[in-house]
Structures are given as C-alpha cells and as structure tokens.
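Structure record follows, encoded as structure tokens.
The values are calculated or read from the model by the stated rules, or taken from the named source; none is laboratory data. Quick caveat: nothing in here was measured; it's all calculated off a predicted structure. With ideal geometry, Cβ positions are generated from the backbone for all residues, glycine too; neighbour counts draw on all protein chains shown.
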Amino acid sequence: MLKTSPDVRRPRRDVPADRSRPAGQGPSARRPLHVLMPRGLAGLAAQSGIGAAIRHQEKAVRSLGHEVVTNPLRPFDVVHLNTPFPDTPLLAHWARLRRRPALVWAHSTEDDFRDSFPGANTLAPTFRRWISHLYRRGDAVVTPSEYSRDLISAPKYGISTPIHVLSNGVDTSFFRPDPGARGRLREQLGLDADAKVVVSVGMQLVRKGIVDWVEVARAMPEVTFVWYGRTDERMLTAEVCRALAEAPANALFPGYITAVELREAYCGADAFCFLTKEETEGIVLWEALACETPTLIRAIPIYRDRMPDGVLTHQVAGEGPGFAADVITRLTALLDGELTDLTAAGRCAAEEVDIHRVAQKLQEIYRLTGVQPHGREAAFRDAEARSTETRSTGSRNAESDGAMSRGAEGSELTAGAADATAPVLPRRGAADARLDAAR
C-alpha cells in the first residue's frame, strides 16, 4: 500500500477546494515538484547503463518543469532510487520518515547480473534477494521494459507494489544522423577514408558479448572493430582478460568517451554490432538506432520479441562455437549492403522513446503514485494564487456594481464602489493569514 502523508490523502480543511477548475488544473497542478535524485554512491555507476539512465531521468524531470534535488536534507516531494548500493534502503527509509513517495527503478535482475564480474554466477541468487529487498522498499517500482517487468514479477522477487514500465529513453535531438561524422571518425582513428568500421559500446563483460566480439574481429582483419567503454581491471573475469590480451590488431579499445565522441562513433560507423547476452533494455541500442546506424544484434528474448529480426535490426540467434561464424556471415552481408536497410525504421522507433515522450509518462506515474508538492513554498504559492484570483473576482464585481450605479450622484457612486470592494478585504486577509501560518 502506498505510504503517503495525511495531507496527500485528505484535503486540508483550512484551504477550500477550488471547484472552479476541473480536477488537476488548480494552483497545485501548476506547481513544480522537487524530485530528489541523490548522488551518494550513485557516482560509482556513472560510467554504466544505470548512470546513463539517471542522466536521462534528470533530463526528463527538468523537461517537465520540475526541480532536481541532489541533497536528501533539502525539501523534496518524491525520491528516485536507481542503484543497488547500500545507501538505497537508507534513502528509502528517509523518504518514509518524511512521508514522501519513493520510486525504485528496477534496472537490474538476477539474469543480467550473471556473466558480469568474477563470482557473479555464484552470487546471483544472493544478488536477487538483495535487489528484491530494495525494490520492495519503494511505493512503486519502475522498470524499463515489459521483459524486465515479467522477470521481476516472478514470485521469487516478492514485489507487491505497483510495477510501471518506463523506457530509459534516448535524446533524439542529440543522437541524430550526421553524414560528416564518417570522415571525422576515420581521421580520429588514423584510418583510410574508405575503411570499414564496426563499433560496440558497453562495459567489458562476458554478458555484453565481448568475448564473441573479439573472435569476430579476429576473423575479419579487413574491418576495424572499436569497443567503447571499459571496466575496472580488478572486476574483469579471467575469460575477458584473456580475450583482451589476445585481441587482434584491428580490435581497438579507446575506453570511456564523452557523449559527443560517442555520437560521432555511431554516426561514423558502418555498423553497430551489439552481441549482449542479456539486457533489461539497452540504452546504447536506442542511441545507435537514433543515429541511423545499421545494426546487428544477438537475438536475445527482449529483442527477438520486441523487435523481430528484419524489422528494426538484423539479428543472429544462438550460442556456442557456431555463433561467431553466423555473426561473421551476417555482418559481412550487412557491410556489403546485401541486407535490407532498416535505418529509417530504427530512427522512427527511437523517436517513440524520446526523452520528452518518456517524461510525459513519468508525470503519469507521479500522478498514480500520489506525488504532490509539499512544504512552505507550496503553501506560499497556493495562497498567492488564491489571493490573485480573489482580487480578480473582486475587480470584476466592482466593475459590475459600478456599471449599475452609472448616472447616479457622485456620493452614490462612491458608496457603490465601497460596497463592491467590501467583500474582497476579508478574503485577502484570510489568504495572508494562511500564508503566515505556513511560514
């Protein structure tokens, strides 16, 4: 059950309801929210998909006219919790003490924790119990895809609060096609103008498909393969360390790059080859599609079901020794222009999850969760709005009474004006009294 403060559940008795507007259009509906997105340990995830998701949320919140608050000691109306770190349950408890709703983002599942860091497969059940504990701390859970919602809806997660699906989104005004990037990318990489370039983006994990990706690169020496993103060497598995150490000369690893450089890579590449084995969404795929980069991905359930092969992306199914050979065949055909051009369809699909569209759905989640403005500033703006409306009403009354008294003696006109303003004064005083009380 949603835990909210009494003033969320019941109208305040000292503030009469404004019945002159439809529901949701009164002064409080126009007030911006203070959305707490605490930094805390979230900085540890800055270079991961979760870090990108947090940045997208901040853009969405601001596009709605709300204010992002990063200090939990400042006033806030709702908190977004994104990371599976130890400070998350503490922040959820703090929100409950303040009687503010907490939205917990389910970016991670037991499935996508596997094949990530050393010992991850052994720890996966423990990790699932931990994130289940975190997700249950929220008044609502938000997850980026129907696929991930199906996973965390399983009884083993024990989530009874509402689960909303909301894409992490993509900024399609930033990630957009740029034909001039092709030459710039090759110049940056020190390649010939006609060199073929295939890129991928992500942490260097078995789950992200980097071992298969290196094998594909070794079999295609005439193509330059570039992997953007990195993982702390202490967190690399032996299999990934071996793949990186034995990578061929045509496989490059520039590490973590800026968003502008990443856009250049998408727009300048001949193909985006994303061989991830498990995702809850995959922001980098939406970025590549937004840039109209020809894309080849592994046909994992989330992509196979949501975007079948040949609709938005080209896909290769399978695992094991034969998988890399199938990728090589399909990627060669893609680079040679033998496969259907799906880039326009990919761009249209990315626009459907543009951050501004995601923001509108986030606003609806706020409404369903009962998020409302609180605090002295909210009371001040309510009182100010009501006072303004009252003065406007009084002014209209004065004009009406004045019109009725036209042609009468000056003393009668003065009396009429006095009668018109008389009802206004007590209302203004009442608004001021409420403001003083709020202070």
Mind listing whichever residues of region 211-222 are in contact with a helix residue (DSSP H, G or I) (Cβ under 7 Å, 6 or more places away or on another chain) and free of Cβ contacts under 8 Å to residues at least 60 places away in the same chain?
V211, V214
Scan region 124-161 residue by residue and report those that are farther than 17 Å from E279 by Cβ, aliphatic (A, V, I, L, M) and crowded, with 16+ Cβ neighbours inside 10 Å.
L134, A140, V141, I159
Would you check which residues across region 172-190 are over 21 Å from V223 (Cα atoms) and surrounded by 13 or more Cβ atoms within 10 Å (Cβ to Cβ) and list them?
T172, F174, F175, R176, P177, D178
Residues (closer than 27 Å to P177 by Cβ and exposed (fewer than 14 other Cβ atoms within 10 Å of the Cβ)) located in region 306-328
P308, G310
Identify, please: which residue in region 236-253 is touching an Asp or Glu at 6+ places or on another chain (Cβ under 9 Å) and part of a loop (DSSP other than H, G, I, E, B) and is, among those, farthest from W286 (Cα to Cα)?
T237
Only one residue in R330, R298 is over 31 Å from the mean Cα position of the chain (by Cα), in contact (Cβ under 8 Å) with a residue 24 or more places away in the chain and in the same structural domain as M220 (by TED's automatic domain parsing). Which one?
R330
So Y256 passes all but one of these: (1) touching an Asp or Glu at 6+ places or on another chain (Cβ under 9 Å); (2) at pLDDT below 95; (3) among the hydroxyl-bearing types (S, T, Y). Which condition number does it fail?
(1)
G318 passes all but one of the listed conditions (1) touching a strand residue (DSSP E or B) at 6+ places or on another chain (Cβ under 9 Å); (2) in a helix (DSSP H, G or I); (3) not hydrophobic (A, V, I, L, M, F, W, C); the exception is number (2)
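Results for (1) in contact with a strand residue (DSSP E or B) (Cβ under 9 Å, 6 or more places away or on another chain); (2) of a type in the set (S, T, N, Q); (3) surrounded by 14 or more Cβ atoms within 10 Å (Cβ to Cβ); (4) assigned to a helix (DSSP H, G or I), shown as yes or no for each residue.
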site: A265; (1), (2), (3), (4): yes, no, yes, yes
site: E278; (1), (2), (3), (4): no, no, yes, no
site: Y303; (1), (2), (3), (4): yes, no, yes, yes
site: T332; (1), (2), (3), (4): no, yes, yes, yes
site: T340; (1), (2), (3), (4): yes, yes, no, no
site: R347; (1), (2), (3), (4): no, no, yes, yes
Region 176-191, residues that are farther than 11 Å from C267 by Cα and within 29 Å of the chain's Cα centre (by Cα)
none
Options S148, S173, S167, S116: the member that is within 30 Å of C241 (Cα to Cα) and within 18 Å of the chain's Cα centre (by Cα)
S148
Tell me yes or no: at least one residue of region 215-235 is in contact with a Lys or Arg (Cβ under 7 Å, 6 or more places away or on another chain), assigned to a loop (DSSP other than H, G, I, E, B), within 20 Å of E287 (Cβ to Cβ) and modelled with pLDDT of 95 or more.
no
The lone exception for I131 - which of (1) out of contact with any His (no Cβ under 6 Å at 6 or more places or on another chain); (2) farther than 30 Å from V240 by Cβ it fails:
(2)
Any hit, region 243-261, residues being surrounded by fewer than 20 Cβ atoms within 10 Å (Cβ to Cβ) and either in the same structural domain as R114 (by TED's automatic domain parsing) or under 18 Å from R114 (Cα atoms) (or both):
no
Qualifying positions in region 39-78 - loosely packed, with under 15 Cβ neighbours inside 10 Å, assigned to a helix (DSSP H, G or I) and touching a Pro at 6+ places or on another chain (Cβ under 8 Å):
L41
